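A.B. asks: First the structure, which I've put down as structure tokens, then a few questions once you've had a look.
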Amino acid sequence: MRQRPARKYVRLVLLLRAAWLVPVTLMALAYSVYSGYFLLKLMRYQAAAAALEFAEALFGAALGAAFLFFTWRMWKKTWDMLLNRVYPERSALAWQLCWILLAVVLPFLVIWPKVKDVLRYSIEGANKGNLAALRAAVEDYKAARGVYPPGLADLAASGFVRELPPLWGSGLAGFPHAGTNAAAVYEKPEPRDSGGWAYSVRKGSAPLVFIDCVHKDSRGTAWSSY
């Protein structure tokens, strides 16, 4: 049986271990919550989400689960060290220093970009799903009142939607526009890149509801073309 290291050495290893394990655990929890939440949102708007977007979100959720399992194993070993069930190896001190370095570098190299990707795919799916919901509400208004609404704001005022849904969500996803639920009425169905909802009334035909953004989504399609 390997001889127990000095108590000071064990305490130092436990202190350094906690220094990287606590932030890594918080990152694992945050990443898992983000991944699971946005996967559920994509499932809610599955008709509007591309298969690639859904696969990315599913991979993110699986990666989050694996990340949580890793931190649980590390905490279990730490607890065993604290109870003297296992002793730290001679190289444990060097390993803890390496883990501290990884705990600082890893979020910027792997975790954070992945969170931004999952966040972006989820908000893209929500935008498209909300667009489909607004178009359906316009048709519901027409069926109930015999005419199309003068603008999208009338849908909320008349109770056909609870409120105009937001676009772009969090600024952390890197969209070209800030979050908004503003809606404009255009005489011509031409995008002006305001970043909000656009509504164009056309004589003799159904009005056009679109997202007033000329930038492209992750699939390379301009938002205004949906």
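A.B. asks: Checking SER224 against (1) closer than 16 Å to ALA126 by Cβ; (2) outside any loop (DSSP other than H, G, I, E, B); (3) of a type outside the set (A, V, I, L, M, F, W, C), only one condition comes out false. Which one?
C.D. replies: (1)
A.B. asks: With the condition being closer than 30 Å to ALA18 by Cα, of a type outside the set (Lys, Arg) and assigned by TED's automatic domain parsing to the domain that holds LEU16, I'd like the helices (runs of 4 or more DSSP H) fully within segment 52-162 carrying at least 3 qualifying residues.
C.D. replies: Working: elements: 92-106, 112-145, 153-157.
Of the helices (runs of 4 or more DSSP H) lying wholly inside segment 52-162, those with at least 3 residues that are closer than 30 Å to ALA18 by Cα, of a type outside the set (Lys, Arg) and assigned by TED's automatic domain parsing to the domain that holds LEU16 span 92-106, 112-145.
A.B. asks: Right, another one. Would you point out the residue of segment 176-213, among those that are in contact with a helix residue (DSSP H, G or I) (Cβ under 8 Å, 6 or more places away or on another chain) and aliphatic (A, V, I, L, M), that is surrounded by the most Cβ atoms within 10 Å (Cβ to Cβ)?
C.D. replies: If we take residues in segment 176-213 being in contact with a helix residue (DSSP H, G or I) (Cβ under 8 Å, 6 or more places away or on another chain) and aliphatic (A, V, I, L, M), then ILE211 is surrounded by the most Cβ atoms within 10 Å (Cβ to Cβ).
A.B. asks: For residues that are under 16 Å from TRP197 (Cα atoms) and within 16 Å of the chain's Cα centre (by Cα), scanning just segment 140-175, find the one that is surrounded by the fewest Cβ atoms within 10 Å (Cβ to Cβ).
C.D. replies: Within segment 140-175, the match that is surrounded by the fewest Cβ atoms within 10 Å (Cβ to Cβ) is PRO166.
A.B. asks: Report, by residue number, each residue of segment 36-59 that is of a type in the set (Gly, Ala, Ser) and at pLDDT 80 or above. Before the answer, list the steps.
C.D. replies: From segment 36-59, those of a type in the set (Gly, Ala, Ser) are 36, 47-51, 55, 57; that's our starting set.
The one that is of a type in the set (Gly, Ala, Ser) and at pLDDT 80 or above: GLY36.
A.B. asks: I need the full set of residues from segment 107-135 which are in contact (Cβ under 8 Å) with a residue 40 or more places away in the chain and among the hydrophobic types (A, V, I, L, M, F, W, C), in order please.
C.D. replies: ILE111, VAL115, VAL118, LEU119, ILE123, ALA126, LEU131, ALA132, LEU134, listed by residue number.
The values are calculated or read from the model by the stated rules, or taken from the named source; none is laboratory data. Here the structure is a predicted model, which is why all the values come from computation and not from measurement. Ideal geometry is used to build each Cβ from the backbone, glycine not excepted, and the neighbour counts take in all protein chains shown.
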